[in-house]
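Notes for the one structure printed next.
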Amino acid sequence: AAPAVQGAGSVKQQISNLVALSLRATVPEVDVEPIVEVCTGKFGDYQCNNAMGLWSKGKGSGTSFKNPNAIGQAIAKNLPACDVIESASVAGPGFVNIVLSKSWVAKRIQDMLVNGIKTWAPILPVKRVVLDFSSPNIAKEMHVGHLRSTIIGDTLARMFEFSNVEVLRRNHVGDWGTQFGMLIEFLFEKFPNWEELGSQAIGDLQVFYKASKQRFDEDAEFKDRAQQAVVRLQGGEEKYRAAWKKICEISRNEFDQVYKLLDVQLEEKGESFYNPYIPQVLEKLSSQGLIEESEGARVIFIQGHQIPLIVVKRDGGFNYASTDLAALWYRLNVEKAEWIIYVTDVGQQQHFDMFFKAARMAGWLPDPKEKKFPKTSHVGFGLVLGADGKRFRTRSTEVVRLGDLLDEAKSRSKSELLQRLTENGKIVDWTDEELEQTSKAVGYGAVKYADLKNNRLTNYTFSFDQMLSDKGNTAVYLQYAHARICSIIRKSNMDVEELKVSGNISLAHPDERVLGLYLIRYAEIVEEACTNLLPSVLCEYLYNLSEMFTRFYTNCQVVGSPEEPSRLLLCEATAVVMRQCFQLLGITPVYKL
Ligand code: ARG
């Protein structure tokens, strides 16, 4: 019978489908999920680990197997005949080692070259995701923490989008709250003609914020006015709304500049957007008996937490938590998202933990143990540290301007590039435009990659020297590796485009086979990075891939060898996969360096 394997999904998924068929034949009475992993030993490429679990489960149910190894043997034997698997053998207590057929691997690569890398998109069990990231606060500094959130969030969005998941990229900006009272009053005071002013005239909002804060702290009469301004704003008074809008607009312009530099798309739905939904959402929670009165505030008590989640402050105002509850309600019921993901520093973990639990108490979300959708996840990340081991700051100023940071990365990479090109006499081959574009791609890419390659939970030390080094696991090294492959392809007299259709990939040499197998793992890597919300998984893959390519290239002559057509296609496939990794990491690849 023809195996029920769709040609889509990751290789791991396809092997799992085959194993599922075998399990149905081997233990028809048990309903069991296939457990398939990349093989750790040298006897296979993938392995099936179901036998041991089945043995302990099946013991009492009258199966006729003597031991787990016998179950493994049966699983191996019952794998459907197909062109994917070359052989399967059983090791130890029933590990089924599966060897993939070389020609199938080669064909899969060639298909990708002809039909595009999108054919290697994994299939994820989710259709629509809300990704809440970046989310700076109006008139406050957009600090490196927000830079991390922006970079990590954007990469996650790109990975999901590649996997055909619809992503609602949400910028949950802090555009509502008591700080607006003082900002508005200060605006009135400083710029009586504020309505006619363009956003430039007001200058730097962070300076503006500081000055207004100082005024607020020093002058009781101003403070009083500011507090009234909050009430008038929230009451919807026209003049106050207009001033609020103006301030948000100025802020938005500043944020947008950074997003443009980073090439990040975001849709702003700030805290103010959810404000009208708060009363009805709290009303629902209240009618479920979840909200209680405590010390003048309205709160939700949550198991395992000492302090309750405050949802209405003592002064009757709403807060961060009430806004997040309303936003979650909206995302679940109006936007119908199945997975809602929040990217912030780990410092906010408790907040997310508490309001996720509140949502579960209200029956909005299933128990996470059930592993069902809809679900929520907090993607926490560590601090960015300076060389002194303290919170990262630039020179004298206490804030880090993201734009300046990117500029510096670019100019540093430009001077290194210029120096190298001058030394090896190649500077004549470059136009100014090329120099500019390349240093931008390399510099910005370096900043992003340095952030993404670490496990996001750990703090990381920001160092231009390290991230711009062309050695080790850096974006610069990877850009070189990719550009080198492109130059190999250019050097050949053969036409890769034509070879894709007429040529043939053979994986005869062991290093060719290893490279080919690693290439086709691409889909399951993206799948894993999405499932565990870990961009670092993709970085690790990209780095390993470049290392594997180097080994292949060292041991297998490409240009001028009899295997040139096949090997050139392997070069091309590696370049395509590397570029796609760059794309998902938000890095612009360069073709010559
Ligand atoms: N504005 C917040 C901050 O700067 C981040 C918001 C994250 N998103 C959310 N839905 N709470 O810390």
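3J(HN,Hα) along segment 237-252: 4, 3, 4, 6, 4, 5, 5, 4, 4, 4, 4, 4, 5, 4, 4, 4 Hz, from the Karplus curve 6.51 cos²θ - 1.76 cosθ + 1.60 with θ = phi - 60°, whole Hz, x for Gly and Pro. Here the dipole of segment 11-100 is about 280 debye; that uses its Cα centre as origin and unit charges on the Cβ of Lys and Arg (positive) and Asp and Glu (negative).
Computing Rg and the Kirkwood Rh from the Cα coordinates of segment 339-471 gives a ratio, Rg/Rh, of 1.17.
Could you tell me what percent of the accessible area of the chain is made up of carbon and sulfur, with a 1.4 Å probe and every protein chain present? Don't skip to the answer; put the middle values down first.
Numbers: 13580 of 27310 Å².
So the carbon and sulfur contribution to the accessible surface is 50 percent.
Of the residues Gln228, Tyr330, Val19, the one whose Cα sits farthest towards the positive end of the charge dipole of the chain is Val19 (charges of +1 on Lys and Arg Cβ, -1 on Asp and Glu Cβ, taken about the Cα centre). Working ranking of peptides 338-347, 30-39 by packing, defined as the average number of other Cβ atoms within 10 Å per residue, highest first, is 338-347, 30-39.
What whole-number value in Å² describes the accessible area per residue of the chain for a 1.4 Å probe? Don't skip to the answer; put the middle values down first.
Working: 27310 Å² over 593 residues.
Counting only protein heavy atoms, the per-residue value for the chain is 46 Å².
Scan around Ile85 for amide H atoms under 5 Å from its own, H built in the peptide plane at 1.01 Å from N, and keep only partners 5 or more places away or cross-chain. Answer set, sorted by chain and number: Ser101.
Phi angles across segment 42-50 convert, under the Karplus curve 6.51 cos²θ - 1.76 cosθ + 1.60 with θ = phi - 60°, into 3J(HN,Hα) values of 9, 9, x, 9, 10, 9, 10, 10, 7 Hz, Gly and Pro given as x. About its Cα centre, the dipole of the chain is roughly 1320 debye, where the only charges are +1 on Lys and Arg Cβ and -1 on Asp and Glu Cβ. From helices alone, the chain scores -17000 deg cm²/dmol at 222 nm; the rule is -39500 (n - 2.57) for each run of n ≥ 4 DSSP H residues, then divide by the residue total. Computed about its Cα centre, the charge dipole of segment 402-584 is approximately 280 debye, with only Lys, Arg, Asp and Glu carrying charge at their Cβ.
Couplings 3J(HN,Hα) for segment 434-451, derived from phi with the Karplus relation 6.51 cos²θ - 1.76 cosθ + 1.60 (θ = phi - 60°), are 4, 4, 5, 4, 5, 5, 5, 4, 5, x, 5, x, 5, 4, 5, 5, 4, 6 Hz, where x marks Gly and Pro. When the P(r) is computed for segment 11-100, the part past 16 Å accounts for 45% of the Cα-Cα pairs.
The values are calculated or read from the model by the stated rules, or taken from the named source; none is laboratory data. What you are looking at is a predicted structure, and each value in this text was computed from that prediction instead of being measured. We place every Cβ from the backbone using ideal geometry, glycine too, and count neighbours over all the protein chains shown. Heads up: the accessible areas ignore ligands, DNA and RNA and are worked out on the full protein's heavy atoms, side chains in. Shrake-Rupley method; radii C 1.70, N 1.55, O 1.52, S 1.80 Å.
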